[in-house]
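The values are calculated or read from the model by the stated rules, or taken from the named source; none is laboratory data. These numbers were taken from a predicted model, which means no experiment stands behind them. Cβ coordinates were reconstructed from backbone atoms using ideal geometry, including for glycine residues, and neighbour counts include every protein chain displayed.
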């Protein structure tokens, strides 16, 4: 008999965003005359940067000519994209070797796949609230999970506790869903904790491009000795608008070494390379050429224009919530507004209120963990027109 993984029984029946999609589809079917504004899923709406489109178009043409056609590429990504990322990291003070970078189809995939190189005996430390993938992928492995609470009392930025022993630590900065961003001093404390406990930090930097203050780190590797205890995962989805194009990367420093249960010392860089070459065939050449263009000086300029558009949407949203008196967080270094549900509503009650009364879709905070109950996430990734209209509906609807 083929037994299946019983850990799946410990998962919620469906993924958060699947629940939302089902509710919205049912409402739309019942009210075809209503205009629904979707500010729930963190999906970009601006088109790809012109230089990215140009690079991908050129790459498509290359694939149609015998002399420049390419089949399988390197599982860890082409050198030209590695070189572009090395230069990009250098702009905010981080030096990387090319072979410390691994190109993938997105940070979500890597967040789940990175668990392959860690023992199921590890204790996992996960923020609450936080991106559901961190939690669900470790539940699937049957690992012991400890939560560290984020709330107004710590600005949704939990800090290390010497009384808590963890082996693998998930950090997301700027955070999804709260928008909170760790300072350099705070990350130094996390690195010190990880080094003291021989732990590994899995640092999700998917929203680094939204950081508006140069004093806030855009990479954990600006912290001294972080390469001895951290892996950084990053997505091009928000930085370059690649949600539908699919490209990301993970940085695994060669200085990061840990032991097996029987005492053998292994380099995590080599382990991840072995994992990727076994289970992954790489990102398409066409996509990687587009990514290379996105990290060129012109590409960075054009992508930043799109990010500035979303940041202005966030400013408009914050301005609207200022009028309502609702307490909110995020929006400055993040495309997310994390707000306290009004009138004592639960997060799902507020979801239903916004959908049924105002035809606005957001994300209930409870879907991001127990500490997310009573909060709600809205994204700044909509069009300018829809963002303005949504805030007018909210301001008028909450009077």
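Tabulated results
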| quantity | calculated |
| --- | --- |
| Region 91-103, residues that are surrounded by fewer than 19 Cβ atoms within 10 Å (Cβ to Cβ) and within 19 Å of residue 270 (Cβ to Cβ) | 97, 98, 99 |
| Which listed residue is at positive phi and modelled with pLDDT of 95 or more, from 299, 290, 282, 320 | 282 |
| Identity of the residue in region 310-332, assigned to a loop (DSSP other than H, G, I, E, B) and in contact with a strand residue (DSSP E or B) (Cβ under 8 Å, 6 or more places away or on another chain), that ends up surrounded by the fewest Cβ atoms within 10 Å (Cβ to Cβ) | 327 |
| Only one of 150, 77, 106 that is touching a residue at least 12 places away in the same chain (Cβ under 8 Å), crowded, with 22+ Cβ neighbours inside 10 Å and within 19 Å of the chain's Cα centre (by Cα) | 150 |
| Strands (runs of 3 or more DSSP E) lying entirely in region 237-293 (those with 2 or more residues that are more than 25 Å from residue 51 (Cβ to Cβ) and either touching a helix residue (DSSP H, G or I) at 6+ places or on another chain (Cβ under 9 Å) or not assigned by TED's automatic domain parsing to the domain that holds residue 86 (or both)) | 257-259 |
| Residue check for residue 61: modelled with pLDDT of 95 or more and closer than 23 Å to residue 219 by Cβ | no |
| Test: residue in region 195-218 that is within 21 Å of the chain's Cα centre (by Cα), within 17 Å of residue 97 (Cα to Cα) and not assigned by TED's automatic domain parsing to the domain that holds residue 312 | no |
| Condition met for residue 307 (surrounded by fewer than 24 Cβ atoms within 10 Å (Cβ to Cβ) and either assigned by TED's automatic domain parsing to the domain that holds residue 75 or touching a helix residue (DSSP H, G or I) at 6+ places or on another chain (Cβ under 8 Å) (or both)) | yes |
| Test set (1) part of a loop (DSSP other than H, G, I, E, B); (2) touching a residue at least 60 places away in the same chain (Cβ under 8 Å); (3) in contact with a helix residue (DSSP H, G or I) (Cβ under 9 Å, 6 or more places away or on another chain) - residue 209 fails condition number | (1) |
| Members of region 206-218 that are farther than 15 Å from residue 240 by Cβ and either touching a strand residue (DSSP E or B) at 6+ places or on another chain (Cβ under 6 Å) or buried (at least 22 other Cβ atoms within 10 Å of the Cβ) (or both) | 217 |
| Odd one out for residue 7, checked against (1) assigned to a helix (DSSP H, G or I); (2) in contact with a helix residue (DSSP H, G or I) (Cβ under 9 Å, 6 or more places away or on another chain); (3) surrounded by fewer than 19 Cβ atoms within 10 Å (Cβ to Cβ); (4) free of Cβ contacts under 8 Å to residues at least 40 places away in the same chain | (4) |
| Residues satisfying the stated conditions in region 10-40, i.e. over 28 Å from the mean Cα position of the chain (by Cα), surrounded by fewer than 11 Cβ atoms within 10 Å (Cβ to Cβ) and assigned to a helix (DSSP H, G or I) | 29, 30 |
